[in-house]
Amino acid sequence: MKKQISKSQLKKVDELLKKTFISLRSDYGFKRAYSSPEYSEVLRKFLNALFEGEMEITDVIFKDKEITPPTDKGKRIYYDAYCTTSTGQHFIVEMQRRPSNFFDKRMVFYISACVFKQGVSGGTYQFSPVYLIVITDFDMQPFEKKLVNEVLLIERATNVVFSEDFRIYFLSLEQVGKEWEDCKTELEKRLYITKNMENLDKKSKPYLTGEYEEMFNAAEIASMAAEDIVEYRTSIIREMEYQSEIDYQRKEAREEGREEGREEGREEGREEGEKNARIKMAKKMKESDMPLGDIMLYTELTREEIEQL
């Protein structure tokens with residue numbers, strides 16, 4: 001059963017709609033800015049900021065964001081943003097708000113599917129380079145805490161690069177400067193705006209520079225159609241409901257664990273009570289159709305334990 005958000009949370013939603021710009025970290029806001037042909041300059045300039053000095057991207061051609069599996073039992077993929085360029089590169093851009101189990105494996109699956117989808121003919125196995133860029137609201141473990149972590153195929157002992165046609169970039173919003181003046185590079189500035197858009201207005205320093213007009217145009221609430229505003233509001237509520245459900249289940253599990261532990265009066269009893277509470281929590285999360293990775297993360301149960309419930 002889905003946990004409903006509170007009246008205070010609904011009030012926060014309405015307050016967001018009174019702001020000048022939408023949140024670009026929301027599912028709707030990110031896709032509107034980074035995956036809309038109308039605002040293609042947002043993605044093009046972002047990619048140029050990331051790959052500055054290595055390549056210059058003159059155009060982006062948006063592709064179908066859905067990849068269907070080759071068999072009925074396969075996994076369907078929905079990218080947040082997916083484009084190619086006239087020179088052949090493939091770029092996938094994702095926004096991840098919170099960490100989850102198997103997130104790293106999911107990203108490898110995403111980029112591999114893009115390579116597989118290209119297909120090859122003859123015996124040369126030629127395919128266009130694929131770059132997966134993941135913007136996270138957290139520092140990606142176990143990497144060093146820095147703005148950009150780049151993942152390549154390398155030979156482990158010597159760190160010699162095996163292939164550069166298959167790359168994953170993790171960009172941490174946690175490492176973006178707290179103030180606009182702290183941002184020195186073009187990439188930092190664009191990530192700062194992405195992170196803080198809903199808290200900016202037309203008097204803010206990023207807006208007054210006049211250099212990021214395409215980002216602010218994509219996010220301006222006053223220019224959005226009524227149905228777009230409804231979709232944005234629904235997106236925000238959905239995210240709040242999801243987080244409320246997780247917070248509720250975790251709180252309930254802790255309380256049940258403490259209660260059962262008190263009844264047993266022994267350390268073994270407390271541990272067993274907490275385990276039983278986590279199992280109850282996992283059952284409720286399964287009934288709510290939560291992803292297996294999230295259930296594992298918040299209950300600390302194994303995949304096998306959850307699947308047997």
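Points to keep in mind about this one:
- Qualifying residue in the stretch 52-68 (condition: over 22 Å from Leu191 (Cα atoms) and without any contact (Cβ under 8 Å) to a residue 12 or more places away in the chain): yes
- Where a residue in the stretch 151-168 is on the phi < 0 side of the Ramachandran plot and its partner, wherever it lies, is of a type in the set (Ser, Thr, Tyr) and surrounded by 11 or more Cβ atoms within 10 Å (Cβ to Cβ), with Cβ under 6 Å and at least six apart: Arg167/Tyr131
- Among the residues examined, Arg278 does not qualify as under 24 Å from the mean Cα position of the chain (by Cα), at pLDDT 75 or above and either surrounded by 14 or more Cβ atoms within 10 Å (Cβ to Cβ) or in the same structural domain as Gln96 (by TED's automatic domain parsing) (or both).
- Index of the failed condition, Glu179 passing every other in (1) at pLDDT 95 or above; (2) closer than 30 Å to Met107 by Cβ: (2)
- Positions within the stretch 168-190 being assigned to a helix (DSSP H, G or I) and closer than 28 Å to Ile154 by Cα, in sequence order: Leu173, Glu174, Gln175, Leu187, Glu188
- Residues in the stretch 192-208 that are in contact (Cβ under 8 Å) with a residue 60 or more places away in the chain and in a helix (DSSP H, G or I): Ile193, Thr194, Lys195, Met197, Glu198, Asn199.
- Residues satisfying the stated conditions in the stretch 147-201, i.e. surrounded by 17 or more Cβ atoms within 10 Å (Cβ to Cβ) and small (Gly, Ala, Ser): Ser172
The values are calculated or read from the model by the stated rules, or taken from the named source; none is laboratory data. Just so you know, these numbers come straight off a predicted model, no measurement behind them. Here the Cβ is made from the backbone with ideal geometry for all residues, glycine too, and neighbour counts use every protein chain on show.
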